[in-house]
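Engineer: Have a look at this one before I ask anything.
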Amino acid sequence: MMTSTLTATSGILDNQALRSLAGCNGPCITLVVPAHHPGAQDGSRKALVHRMLRTAGEQLTRGKLAGRAAELLAPLEEIVQESGVAAGGAGFAIFCSPEYTARYDLPDKRGDEPAEKMVIAGHFYLAPFVGGACAPNEFFVLGLSIKRLRLFRYFNGDCQELPLPAAVPGSLDAAGGFDQPDHRLENRSASGPSTGAMRGIRVGTVSDREAFSEYLHHFFGVADRGLKSTLDGKPLLLMGVREEVAAYRRAAKHAHILTPDCLGSTDTLTAQDVAARAAHAGREHYQLLAERVFAEYLGMPDRARTLAHVPAVLRAASEGRVHRLCVRAGAELAGSGGEDLVNASIVETLRAGGDVFVLAPEKMPAAYPLAAILRY
């Protein structure tokens, strides 16, 4: 008798959830239900879900699992009844196996919603969710300004502004009360109006611009040290005008600053504005990393540690040998029994602790639906 456990009735399909799903044993049933907005002309979402369940039942009764159709579908029927599918809203995906049943909400991004899909296979259908789930979804955001530093915590699409730690000066002026720069600027006349908030800077043998650069470096260095315990090793996204972002990167010792920068003043942005920009930056960071991994694959001198033939990649992934897997978005290859070998390769890579990177079709030639870097 199947003992399916309802693990999550709602939540975000993030990296941790994706890896939990990858670890489940089949048979696996996946239902992908698109977003439904009030006034849409595509019919009732409740009718759509029940139609998908009927299709699943028909497939099960025609195949090897005919004797288990009722028990496999029972948890799906239960979660559909509890999920309020008749209402409009963001799309969601339901996953059901003998050991796991869960519903996860999907990001409501107009023009980029997942298509309706029902899959019964030996693995959950995870391919369309990897890019969003594996992009950074928890990090800090630092809004840079000489007049006002702002700190936010980003988590799964939401942003919360946090008070600055006591060790972090809130502005360039306030940084004067902290440790002074290594090279003090002595015997200089009062700074002119061009230095703005830097009222205490003296100039003379060093130009105003050089003095400003030194004090800005000091300010951001103090801020970087003061944020260390709060960041606790988590990634940091920088937002601000180009010059200040570049100056912070030069001063910072934090090892996990995200690759992209969000350029533009944060002085008047709301937490919701910051969240939207942070989500985009997280996806951009993932894409840039994916492109670097594919370039590494192409340039590897040891070709014995690379694979591109899809069945061979799947075998290696099932053996736990795939360290990094690049996937061309939208790639599919039907295997025996109708299972998509590309999706199966993704799931097996995640199951064994490997990393998966989905690249846009224009970034990965059609000749490479998959490109794997092997552990050995």
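The values are calculated or read from the model by the stated rules, or taken from the named source; none is laboratory data. What you see is a predicted model; the values in this text were computed from it and never measured. Note: ideal-geometry Cβ built from the backbone for every residue, glycine included; neighbour counts use all protein chains shown.
Engineer: Quick one: in segment 315-339, of everything that is surrounded by fewer than 16 Cβ atoms within 10 Å (Cβ to Cβ) and part of a helix (DSSP H, G or I), which residue is modelled with the highest pLDDT?
Structural biologist: Arg315
Engineer: Now, a different point. Out of all the residues in segment 50-76, which are surrounded by 13 or more Cβ atoms within 10 Å (Cβ to Cβ) and under 13 Å from Leu31 (Cβ atoms)?
Structural biologist: Hits for segment 50-76 are His50, Arg51, Met52, Leu53, Thr55, Ala56, Gly57, Gln59, Leu72, Leu73, Pro75, Leu76.
Engineer: Could you tell me whether any residue of segment 243-264 is touching a residue at least 24 places away in the same chain (Cβ under 8 Å), touching a Ser or Thr at 6+ places or on another chain (Cβ under 9 Å) and assigned to a loop (DSSP other than H, G, I, E, B)?
Structural biologist: Looking for residues that are touching a residue at least 24 places away in the same chain (Cβ under 8 Å), touching a Ser or Thr at 6+ places or on another chain (Cβ under 9 Å) and assigned to a loop (DSSP other than H, G, I, E, B), one finds none in segment 243-264, hence no.
Engineer: Could you list all residues from segment 366-376 that are more than 9 Å from Ala331 (Cβ to Cβ), modelled with pLDDT of 95 or more and in a loop (DSSP other than H, G, I, E, B)? Don't jump to the end; show me each part of the working.
Structural biologist: First, pick out the residues of segment 366-376 that are more than 9 Å from Ala331 (Cβ to Cβ): 367, 371-376.
Then drop every residue that is not modelled with pLDDT of 95 or more, which leaves 371-375.
Across segment 366-376, the qualifying residue is only Arg375.
Engineer: From Leu237, Leu289, which residue is at pLDDT 95 or above, part of a strand (DSSP E or B), touching a strand residue (DSSP E or B) at 6+ places or on another chain (Cβ under 9 Å) and of a type outside the set (Gly, Ala, Ser)? Break it down stepwise before answering.
Structural biologist: Details: Leu289 fails: part of a strand (DSSP E or B).
That would be Leu237, the only listed residue that is at pLDDT 95 or above, part of a strand (DSSP E or B), touching a strand residue (DSSP E or B) at 6+ places or on another chain (Cβ under 9 Å) and of a type outside the set (Gly, Ala, Ser).
Engineer: Looking at (1) under 18 Å from Asn15 (Cβ atoms); (2) outside any strand (DSSP E or B), which one does Phe357 not meet, given that it meets all the others?
Structural biologist: (2)
Engineer: If you don't mind, another one. How many of the residues in segment 85-105 are in contact with a helix residue (DSSP H, G or I) (Cβ under 9 Å, 6 or more places away or on another chain), surrounded by fewer than 21 Cβ atoms within 10 Å (Cβ to Cβ) and at pLDDT below 85?
Structural biologist: 4
Engineer: Hey, among Ala295, Ala312, which residue is outside any loop (DSSP other than H, G, I, E, B) and either touching a strand residue (DSSP E or B) at 6+ places or on another chain (Cβ under 9 Å) or surrounded by 15 or more Cβ atoms within 10 Å (Cβ to Cβ) (or both)?
Structural biologist: Numbers: Ala295 fails: either touching a strand residue (DSSP E or B) at 6+ places or on another chain (Cβ under 9 Å) or surrounded by 15 or more Cβ atoms within 10 Å (Cβ to Cβ) (or both).
Going through Ala295, Ala312 in turn, just one is outside any loop (DSSP other than H, G, I, E, B) and either touching a strand residue (DSSP E or B) at 6+ places or on another chain (Cβ under 9 Å) or surrounded by 15 or more Cβ atoms within 10 Å (Cβ to Cβ) (or both): Ala312.
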